[in-house]
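So the structure is just underneath, and the comments pick up after that.
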Amino acid sequence: MRLIRTENYAEMSLEAGKIIIDKIHSNPGLTLGLATGSTPKGVYDYLSQDHKVNGTSYHQVKSINLDEYIGLKVQDPNSYHYFMGQNLFNHLDFHENHTHIPNGAAGDLEQECLRYEQLIKELGGVDLQILGIGQNGHIGFNEPGTPFSSQTHIVTLAKNTREANSRFFNSLEDVPTQAITMGIASILESKEILLLASGERKAEALLKFMNGEISEEFPASALKHHQNVTVIADRDALKYI
Ligand code: PGA
């Protein structure tokens, strides 16, 4: 595992953005695994700015998102479909059929999980996966206790995840209770992984990740089984390391 230490959030975003852009230049048809939340927003701003200024093209790039809430329509401002449009896709030249996010409003959700897992395979797997880390160690929406062998599946969100994400909603009651997420095994199949973390609220999770044991009770620890993980974290997130 490689660790890139940065001073702050802006520098973390820049380091991750540069790696992604380099990969796209060397492989214009890359399959990029994308995440939502506060952490990758700065990276997405950097990619959007670079596209505008330097013209890096995403026309052949395919993207696969990690997860989506169940029960929100795609146009709901809290859906990850909406987030991705606002924060990335509307600013780049992705082909509209090349961006993929689980459909949390599907009639048959079990079928949707199978479809999504199959899709990942059809695209040849993820070349470069961007990940955040939850305060409870979740990756995607794989909460503590999720088997490392899991593929795309339906999850019941942990109480602390709903509380953490309630900052984006009017109230805690409005935060969905379930989501579809790529599984831990699906994530581990990515050829390369960038794990991003910023701020003091991630410091304990990063300490456990870097120094703790490998356990299904701490989902991010599964990444220690992977051969090509780069952690990019800022000073506050690394305060115990
Ligand atoms: P955040 O979420 O980027 O909003 O902190 C990360 C996560 O929960 O995986």
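The values are calculated or read from the model by the stated rules, or taken from the named source; none is laboratory data. The shown structure was predicted, so the numbers you read here are calculated from the model rather than taken from an experiment. Backbone-built Cβ (ideal geometry, glycine too); neighbour counts: all protein chains shown. Protein only, heavy atoms only, side chains kept; ligands, DNA and RNA dropped before computing areas. Shrake-Rupley method; radii C 1.70, N 1.55, O 1.52, S 1.80 Å.
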Quick check on region 92-109. Is at least one of its residues assigned to a helix (DSSP H, G or I), surrounded by 16 or more Cβ atoms within 10 Å (Cβ to Cβ), more than 16 Å from the ligand (Cβ to nearest atom) and touching a residue at least 24 places away in the same chain (Cβ under 8 Å)? yes
With the requirement that a residue be buried (at least 16 other Cβ atoms within 10 Å of the Cβ) and either within 24 Å of GLN60 (Cβ to Cβ) or more than 16 Å from the ligand (Cβ to nearest atom) (or both), what does region 22-41 give you? LYS23, ILE24, LEU30, THR31, LEU32, GLY33, LEU34, ALA35, THR36, PRO40
Answer from TYR80, TYR58, TYR44 - the residue that is in contact (Cβ under 8 Å) with a residue 12 or more places away in the chain and within 17 Å of LEU194 (Cα to Cα): TYR44
For LYS224, are the conditions met, namely being more than 16 Å from the ligand (Cβ to nearest atom), modelled with pLDDT of 95 or more and open to solvent by 40 Å² or more (accessible area, probe 1.4 Å)? yes
Considering only region 44-73, how many residues are open to solvent by 70 Å² or more (accessible area, probe 1.4 Å) and over 26 Å from TYR9 (Cα atoms)? 3
Given the conditions (1) touching a Pro at 6+ places or on another chain (Cβ under 8 Å); (2) open to solvent by 20 Å² or more (accessible area, probe 1.4 Å); (3) more than 16 Å from the ligand (Cβ to nearest atom), which single one is not true for CYS113? (2)
Taking region 183-200 and the residues there that are open to solvent by less than 20 Å² (accessible area, probe 1.4 Å) and of a type outside the set (Gly, Ala, Ser), the one that is nearest to ASN142 (Cα to Cα) would be ILE184
